[in-house]
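Take a look at the structure set out below.
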Amino acid sequence: MDRSSIVERVLRALLLTVIVIFFLFPIVWILLMSFQTNEQILRIPPSLSFVPTLDNYRALISGHLLTSAGSLDIAFMRNLGNSVLLSTCAVVLALILGVPAAYAFARFKFWLSEDIAFTLLSFRFAPPLLVLLPLSLYFQDLGLVDTYVGLIWVYQLIALPLILWIVRGYFEDISPDIENAYRIAGHSWLRTFFKIAVPLAGPGIAAAGLLSFIFCWNNFVFALILASADKQPVTVGALAFVTASGIQYGQVASAIVLSVTPTLLLALYAQRWLVEGLSLGAVKG
Amino acid sequence: MPNNLSASLRQYAAAVRVLLVLTVLLGIVYPLAVTGVGQLLFRAQANGSLVSSGGHVVGSGLIGQNFTDAKGNPLPQWFQPRPSAAGASGYDPTSSSASNLGPSDPDLVKAIQGRRASAAALDGVPRLFVFLRITLPMLSPYIITASLFRLLDAIQQFDIVYAMTQGGPGNTLLVFQVRAYLEFYQYTNVGKSAALLVVLWAITYVLSNIFIRNWLRLRARSHGTA
């Protein structure tokens, strides 16, 4: 029963419009910037009328950046490839390690189980540099600095706690009776885990994996400290556009558009699972 | 032997007489008498305390029912009875039991919380009041959790500040982690950098403890164990 008056409805529509503009404005603005030259972007006052150019995207894809001070070689497409490789491998590894661990925390009560789970979660809240600065010294001794293996290992600090706690919540929501019924038929707990628990928690595992992928993709500080230019993901690679002759806003904008697109498409595709996964993570753990 | 037979027959005859008399008395006379007294002295109550409106019987004064329109929306001109779980759709007089849900059952808690706002709205409570007194208190644990989560992220901010200004102009944006990073890599002042990070860790430890305790409480509540 909608008893709201016309004034209320108009106010609500206005408020919603303001909120939508607030959130969409940066995305639209960046998209417009990516089709403009630096001169068009920096003109005062800014104008919405311009002749669109694909030079920024062309420069990114060819890796040859032309600035007012000269030309510059950039490896943006390599950075994009690094982002895909690092995020995918980190999430796959975190799923392999995290899903069985989450099952163990959900089903078995063992000595210090809650403390171990809490410690793993606390990595999510610790300042990244607190771990990274000492780790960078040890990584130099181990030869893991500026390697994909080292980065994927460190990315577990982001992916593993997230997967562990979200998937644990999903496993706790599945009734153990279903698994017990399967085990009574003589199957081992390992078989029960793969045949019953994992398929039932499938949507939760997918949501946790997607969330972890997005968090890994957006990470900046790990690669900044532990990787050089040829191993860096897009988030750090975008710093290359801050050149001696100024910031190349057009290229920065097109780089952002290109780097945001995969995660945006992924988020839109899996919106329902993501929301469910987030709420489970926040409330049910 | 004949004496025993006649004694048995007498007993059977007595039993049959009692049966007949009680059948007539309790099966016919007593119900008729009670019905007659009821109809004479307590006619309305005896007929089910029926409620009429516009010449039509619309319900009973003793049995709750929904006062809703065809779409199931409550009609504000009628007093709304308390919710019923009797029968499939509630208010079923032939169903003798309600729900078996305990006071901490998550389904019941959720159902009650869901009804509070709509009940208040039906009683004419202003929307702002409903929001401030019902919706906001119900959301407060989630708001606190989300705020603490974002607060933790804000205190640990590094990416945007470093990428945009590297802590400048001057030292106006030297937040914890940017300063620690610059101390470590730019000034090679490892000890100071470590000290800054330990202080930051202490702050985040306290905040995250509050956050996680709140989170576990919400989790326990959603599982119906608190």
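Every number here is computed from the coordinates shown, using simple stated rules; none is lab data. Here the structure is a predicted model, which means the values were calculated and not measured. Positions of Cβ are backbone-derived with ideal geometry, glycine not excepted, and every protein chain shown enters the neighbour counts.
Laid out as a table, the results:
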quantity	calculated
Cα-based convex hull, the protein assembly as shown, per residue volume (Å³, whole number)	286 Å³
Proxy reagent accessibility, fewest Cβ within 10 Å first, across A:ASP230, B:ASP92	A:ASP230, B:ASP92
Dipole magnitude of chain B about its Cα centre (Cβ charges: Lys, Arg +1; Asp, Glu -1), debye to nearest 20	400 debye
Over chain A - Rg/Rh using Cα atoms and the Kirkwood inverse-distance radius	1.07
Shape category assigned to the stretch A:135-194 from the gyration tensor of Cα positions, a/c cut at 1.5	prolate
Sorted by Cβ density within 10 Å, fewest first, the residues A:ASP173, A:ASP115	A:ASP115, A:ASP173
Whole-Hz ³J(HN,Hα) from phi, Karplus 6.51 cos²θ - 1.76 cosθ + 1.60, for the stretch B:194-203, glycine and proline x	4, 4, 4, 5, 5, 4, 4, 5, 4, 5
Equivalent-ellipsoid semi-axes of chain B, from the Cα gyration tensor, Å, largest first	79, 28, 10
Karplus-derived 3J(HN,Hα), 6.51/-1.76/1.60, for each residue of the stretch A:235-252, Hz, glycine and proline x	4, 7, x, 5, 5, 5, 7, 8, 9, 4, 8, x, 7, 8, 4, x, 5, 4
Phi to ³J(HN,Hα) by Karplus 6.51 cos²θ - 1.76 cosθ + 1.60 over the stretch A:151-156, Hz, x for Gly, Pro	5, 4, 4, 5, 4, 4
Amide H contacts under 5 Å for B:SER60, placed H, 5+ residues apart	B:VAL51
Within-13-Å neighbourhood charge of A:GLY237 [Cβ basis; K, R +1; D, E -1]	0
Chymotrypsin sites (Phe, Trp or Tyr not before Pro) restricted to the stretch B:1-107 and DSSP loop, no more than 15 other C-beta within 10 Å	B:PHE42, B:PHE67, B:TRP78, B:PHE79
For the stretch A:152-222 and the stretch A:125-142, distance of Cα centres in Å	27 Å
Assigned charges on the beta-carbon of Lys, Arg, Asp, Glu; the stretch B:130-222 dipole about Cα centre (debye)	520 debye
Dipole of the protein assembly as shown, positive direction: furthest Cα of A:LEU97, A:LEU157, A:THR192, with charges on the beta-carbon	A:THR192
Positive minus negative residues near A:LYS195 (Lys, Arg vs Asp, Glu; Cβ under 12 Å)	+1
Potential lengthening between A:PHE23 and A:ARG191 on full extension [0.36 nm per residue; Cα-Cα distance subtracted]	55.8 nm
Surrounding net charge for B:LEU136, when Lys and Arg each add one and Asp and Glu each subtract one, Cβ distance under 15 Å	+3
Longest segment of chain A lacking chymotrypsin sites (Phe, Trp or Tyr not before Pro) that sit in a DSSP loop with at most 16 other Cβ atoms within 10 Å	A:112-285
Amide H partners (placed H, <5 Å) of A:GLN36, local residues excluded	A:THR53
Trypsin sites (Lys or Arg not before Pro) restricted to DSSP loop in the stretch B:1-76 with at most 14 other C-beta within 10 Å	B:LYS71
Cα radius of gyration and Dmax for the stretch B:98-226 (Å)	22.7, 73
For the stretch B:153-224 versus the stretch B:3-18, the gap between their alpha-carbon centres in whole angstrom	102 Å
Helix-derived mean residue ellipticity, 222 nm - over the protein assembly as shown, DSSP H n ≥ 4, -39500 (n - 2.57), to 500	-20500 deg cm²/dmol
Sparse-neighbourhood loop sites, chymotrypsin sites (Phe, Trp or Tyr not before Pro) in the stretch B:140-191 - DSSP loop, at most 15 other Cβ within 10 angstrom	B:TYR187
Angstrom value of the Kirkwood radius, inverse mean 1/r, which spans all Cα pairs in the stretch B:1-66	15.9 Å
